[in-house]
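Before any comments, here is the structure.
The values are calculated or read from the model by the stated rules, or taken from the named source; none is laboratory data. Keep in mind that what you see is a predicted model, and the values were worked out from it rather than measured. Glycine also receives a Cβ, built like all others from the backbone with ideal geometry; neighbour counts cover every protein chain displayed. Each accessible area value is taken on the protein alone, full model and side chains, heavy atoms only, with ligands, DNA and RNA left out. Shrake-Rupley method; radii C 1.70, N 1.55, O 1.52, S 1.80 Å.
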Amino acid sequence: MFWCLWSAYRSGLARPFQKRTTSIFNLNITEYLASVRVGVPDIESQRDIAALGDAGWAAVVAVRATADALRTLRSNLLSVLLSGKHEIPSSYDHLLDLDVEAAT
């Protein structure tokens, strides 16, 4: 609905319904909405659109969960490192020589 109304506004469809009596545009909403035609897609297209929306929302939920997990990991890691129970080496160069296949 937003995109339909935005497109109608951007194309100038709203101009005949605007008045500028106080240097501010006032829109006669009742007449404007009566003039805007919004097509309704067939049911299969609606399902496709809803599926895209569902997939997008699932991605948002997954990203939020990952961000929360990363914040928790960072917090836990900092707590462990700052507890004083672990010695932090001055260099990690020895890890550069680690054989990745042997470690797995």
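Filter region 23-65 for residues that are acidic (Asp, Glu) and in a helix (DSSP H, G or I); which is nearest to Trp6 (Cα to Cα)?
Within region 23-65, the first condition is being acidic (Asp, Glu), and the residues that meet it are 31, 42, 44, 48, 54.
Subsequent filtering for residues that are in a helix (DSSP H, G or I) retains 31, 44, 48, 54.
Numbers: Glu31: 16, Glu44: 25, Asp48: 22, Asp54: 23 Å.
Applying the filter and picking the extreme gives Glu31.
Restricting the first member to region 72-97 and to residues that are open to solvent by less than 80 Å² (accessible area, probe 1.4 Å), and the second to residues that are not β-branched (Val, Ile, Thr), the beta-carbon pairs closer than 9 Å and six or more apart or on different chains are Val80/His86.
Results for (1) open to solvent by less than 90 Å² (accessible area, probe 1.4 Å); (2) at pLDDT 80 or above, shown as yes or no for each residue.
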residue	(1), (2)
Trp3	no, no
Gly12	yes, yes
Arg20	no, no
Asn26	yes, yes
Val40	no, yes
Leu52	no, yes
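Residues in region 28-38 that are polar (S, T, N, Q) and open to solvent by 100 Å² or more (accessible area, probe 1.4 Å): Thr30 only.
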